[in-house]
Amino acid sequence: MATAQADTGIRVTPSGDTLGADISGVDLSRMDDALFGEIRRAWLDHLVLRFRGQTLDDDALADFSRRIGDLDMAPTGRTGRPFQPERPEIAVISNIVVDGKPVGSLGAGEAEWHTDMSYNDVPPDASVLYGIEVPEGAGHTWFCNMYAAFEALPADMRARLETLTCKHDATRNSTGELRAGFDEHYTPENLPGAVHPLVRTHPETGRKALFLGRRRNAYVMGVPVAESDRLLDELWAHAIKPEFCWVQHWRVGDVVMWDNRCTLHRREPFDPALRRRMHRTQIKGSRPY
Ligand code: OGA
Ligand code: MN
């Protein structure tokens, strides 16, 4: 059901799942404070917002994103270099190859469930992804609600998790590729990455959310590896249940803005012969607590 917002004319239509909403009546290249205030409130309520039918150049994408907060430099691909050196704050997510060189990162394989760059001590709060070329009916992006996943756990489990921290692996990206500068062989103890609370308090809403990052090589600090694996497998099986998910079926011109503090996302694999090209920003965050 859509609710009309009196002042700015924007319309918020919740997806009907536990997260996600469409925002209509907005041209993201023409933003003002009142309008952005409405968007921010809707975002905190719905965790992931979709704006259809947008036409943005990189400046407009960066200008809109800067309303959310200061921009991070884009994560680099396998080479460790930005895809657009003149626009280091815009990442290119694409499987397209030109003259033997990928124009962006993540290819066409599955990007496994993750939250962005939580292997850093200060992970980004938000990411904004703009679909420029999207394959029809393929390459969908799933999101899931980590407040809802946390709240659905039994009280004794919630209490236990609040005492635990977890290491988030910095060595591989969500498609499993080794990042520039890392090798294959680490133990949980010397694995490069950041240690964060397993349950994080959202600094704006005050709500608690599971903060899982990604499954591969994750390690619950201070417990035997087998126990850590058992607990993480159990938490992951719970967290990504369909009842906590919403799926974004991309159309050209979609802008999707998500909150990395309380959601996970994954991208389905798609036929590499299809073309998919998105531009993306991410917004600096604060240390999870
Ligand atoms: C990202 C990401 C998924 C997608 O940009 O952080 O995970 O659908 N992208 O391309
Ligand atoms: Mn991501």
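Rounded to the nearest 500, the helix-only mean residue ellipticity at 222 nm of the chain stands at -5500 deg cm²/dmol, with each DSSP H run of n ≥ 4 adding -39,500 (n - 2.57). Straight-distance candidates among the lysines for linking to K284, with alpha-carbon spacing under 25 Å and chain neighbours fewer than 8 residues away dropped: K167, K208. Over all other residues within a Cβ to Cβ distance under 11 Å of Q282, the charged ones net out to -3, with Lys and Arg as +1 and Asp and Glu as -1.
Counting only DSSP beta bridges whose two residues both lie in the chain, roughly 95 percent are antiparallel. Each of P154, L212, S286 was scored by the projection of its Cα onto the charge dipole of the chain, and the greatest displacement toward the positive side belongs to P154; charges sit on the C-beta of Lys, Arg, Asp and Glu. Ranked from largest, the principal axis spans of the Cα set of the chain equal 53, 49, 33 Å.
Segment R66..T163, full-extension length gain: 31.5 nm, with 0.36 nm per residue of separation and the alpha-carbon distance subtracted.
For the chain, the Cβ-based charge dipole about the Cα centre amounts to some 160 debye (Lys, Arg positive; Asp, Glu negative; other atoms uncharged). For region 9-25, the Karplus equation 6.51 cos²θ - 1.76 cosθ + 1.60, evaluated at θ = phi - 60°, returns couplings of x, 7, 10, 10, 10, x, 5, x, 8, 6, 7, x, 8, 8, 10, 10, x Hz by residue, with Gly and Pro reported as x.
Rule-based calculations on the coordinates, nothing more; no lab input. Nothing here was measured: the structure is a model prediction, and the numbers come from that model. Cβ atoms come from the backbone with ideal geometry, glycine included; neighbour counts cover every protein chain shown.
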